[in-house]
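What follows is calculated from the coordinates using simple rules that are stated; it is not laboratory data. Everything quoted here is computed from the prediction, not taken from an experiment. All Cβ positions, even for glycine, are placed from backbone atoms using ideal geometry, and neighbour counts span all protein chains on display.
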Amino acid sequence: MYILETDRLRLRRLTLQDRADIHSVLLDAHTMTVMHLPCSEEFADQWLDRQIAFYETHGTANWYAERKADGAFIGVMGLMAHEMNGASVAELGYLIHPDYQRQGYASEGAKACMEYAFQVLNADYVTASIAADNTPSLSLAEKLGFFPFQEHIYRRNGEDVRYILYGVNRPY
């Protein structure tokens, strides 16, 4: 069952059967360098398990994104639902497979996820936490109308990495 569809994409819940596809994006050295995350099968498997568990505990998480035309695995994108300062917030995230980057899939999917957050989850606000050196994602966030409002440091792979928290309000 698909959760979202766009002109070119279909998004659905991840399953354990998606392990090989998840490995193809999470074990990509460039992706993990940009994300400042460990590049290991153990990490990828734990990440997939967490996403599947979040569907039950939070109702949403990252979704499997496939191209409508041929079912090709494009990457993962979705929303992590939580509360911030008493308001319903959805955090947007995405990882696009290197073979499909710079083709508009992230933008198309992110827009659909934002609409889902506001219309289905009834979120007042959508956030995105992006590494300060991830220029393509910073540019996409601003293109989508997000604004930076806070910086924080995450400890990733033994180093302190500066992240920028972006947000966008529900359109009224």
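Residues whose amide H comes within less than 5 Å of that of residue 62, counting only those at least five positions distant or on another chain, are 79 (H built at 1.01 Å from N in the peptide plane).
Computed as a quarter of the hull surface, the mean projected area of the alpha carbon convex hull for the chain stands at 9.9 nm². GNM remark for the chain: springs join alpha carbons under 10 Å apart, and the peak mean-square fluctuation among 124, 28, 70 falls on 70.
Rounded to the nearest 20, the Cβ-based charge dipole of the stretch 2-169 about its Cα centre (Lys and Arg +1, Asp and Glu -1) stands at 280 debye.
Under 5 Å from the amide H of residue 9 lie the amide H atoms of 68, each residue being 5 or more positions distant or on a separate chain, with H modelled from the backbone and absent for Pro and chain starts. Computed from the alpha carbon atoms alone, the convex hull of the stretch 53-133 holds 113 Å³ per residue.
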